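Beneath this line is the structure, given in structure tokens, with notes to follow.
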Amino acid sequence: MRLDDFDNSINVEDQRGSGFSLGGAGGKVGCGSIVIALIAAVVFGVDPGQMLGQMQGADTGQVQTTGGHTAAESCNIDPLSHESCNALSSLNKTWGPLFQKANIAFTPPKLVFYSQMGQSGCGAAQSAMGPFYCPNDQGIYLDTDFYKEMDQRLGASGQFARDYVIAHEYGHHIQNMLGTSDQIRSAQQSNPGAANQLSVRLELQADCYAGVWAARNKDRLDPGDMESGLNAAHQIGDDTLMKGAGQRPVEAAFTHGSSAQRMQWLRKGLETGDEDQCDTFADIKR
Ligand SMILES: [Zn+2]
């Protein structure tokens, strides 16, 4: 997919090299250094902001990009970050106007980069969780190392497969903005027996929304993009993941939908480009 360079208005937070990556103990060490840095700053009359940046950078041996740094600086750290920022920017430009047209309030989500461990409004972020969306702070949490995992372990490679991941998480933001996630959460509370099935429907809808975004940027798709997206949807289907882990696929344990379902809903979005077609709840409403 040929996406434009990201717009500087995108909302990006960077937790890489912030000390979170070292886990709890590292965090504490980081805090101690901050106190020392501040004392030193007061004593020596150094700009505390500059001092903090240097101290934290020294802690982890990485460039410190949290706070005070622009989205551009965080996005330009490496090609995968850059690509993710481009996808976010394109998603904002696609979904923003649709909400405006429907007269529904819309705030673009933020993209939060972290490495191994991070902090989200929904609790600790860990790479093993894979990319996720936190409704409490409207953040899409991403450790770009996940893409290596996708490529090497899950057999889902290619730029469009990665764009699909961001677009899927963005789909959860759409659900949050529309109030769908809240409705489903209360339905799950009043009917715990259907909780799993309902969460699968939410996931499939996010896949469909990802397809709608791609369809609305059709002229930017390269040959093979749709296939690479559909392959990714197949590879991360619950039955395929369970088989890959040496388990027998059990539908009751599905959380995101089978490979066939995920491909079906991504394709529906891709083919129609119409978000109204993404009603994955239709058959259970009746
Ligand atoms: Zn999801």
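The values are calculated or read from the model by the stated rules, or taken from the named source; none is laboratory data. Note that the structure is predicted; figures quoted are calculated from it, not measured. Ideal geometry is used to build each Cβ from the backbone, glycine not excepted, and the neighbour counts take in all protein chains shown. Note: accessible area is taken over every heavy atom of the protein model, side chains too, but ligands, DNA and RNA are not part of it. Shrake-Rupley method; radii C 1.70, N 1.55, O 1.52, S 1.80 Å.
List of remarks:
- Debye equation applied to the C-alpha atoms of the stretch 137-286, log10 I(q)/I(0) at 0.09, 0.19, 0.21 Å⁻¹: -0.27, -1.23, -1.43
- Couplings 3J(HN,Hα) for the stretch 83-88, derived from phi with the Karplus relation 6.51 cos²θ - 1.76 cosθ + 1.60 (θ = phi - 60°), are 4, 5, 5, 4, 5, 4 Hz, where x marks Gly and Pro.
- Distant-in-sequence amide H partners of F132 (H built 1.01 Å from N, under 5 Å): Y141
- Solvent-accessible surface (1.4 angstrom probe) belonging to T94, in square angstrom, nearest 10: 20 Å²
- Karplus 3J(HN,Hα) series, Hz, for the stretch 141-158 with 6.51 cos²θ - 1.76 cosθ + 1.60 (x for Gly, Pro): 9, 9, 9, 5, 4, 4, 5, 5, 4, 4, 5, 7, 9, 9, x, 10, 10, x
- For the stretch 119-159, carbon and sulfur atoms together expose 43% of the accessible surface, with a 1.4 angstrom probe and every protein chain in place.
- Residues of the stretch 100-115 with amide N under 20 Å of a point placed 7 Å along Cα→Cβ from S9: 100-112
- Computed about its Cα centre, the charge dipole of the stretch 66-191 is approximately 360 debye, with only Lys, Arg, Asp and Glu carrying charge at their Cβ.
- Against the criterion of solvent-accessible heavy-atom surface with a 1.4 angstrom probe, D145, D274 sort, most first, into D145, D274.
- Karplus-derived HN-Hα couplings along the stretch 252-262 (A = 6.51, B = -1.76, C = 1.60, θ = phi - 60°), whole Hz, x at Gly and Pro: 4, 9, 5, 10, 10, x, 6, 4, 4, 5, 5
- Using the alpha-carbon positions of the stretch 80-176, Rg (one decimal) and Dmax (whole number) come out as 13.6, 43 Å.
- The eigenvalues of the Cα gyration tensor, multiplied by 5 and square-rooted, give the stretch 65-121 an equivalent ellipsoid with semi-axes of 25, 14, 10 Å from largest to smallest.
- For the residues K101, K243, a 1.4 Å probe over the protein chains yields an accessible-area ranking, largest first, of K101, K243.
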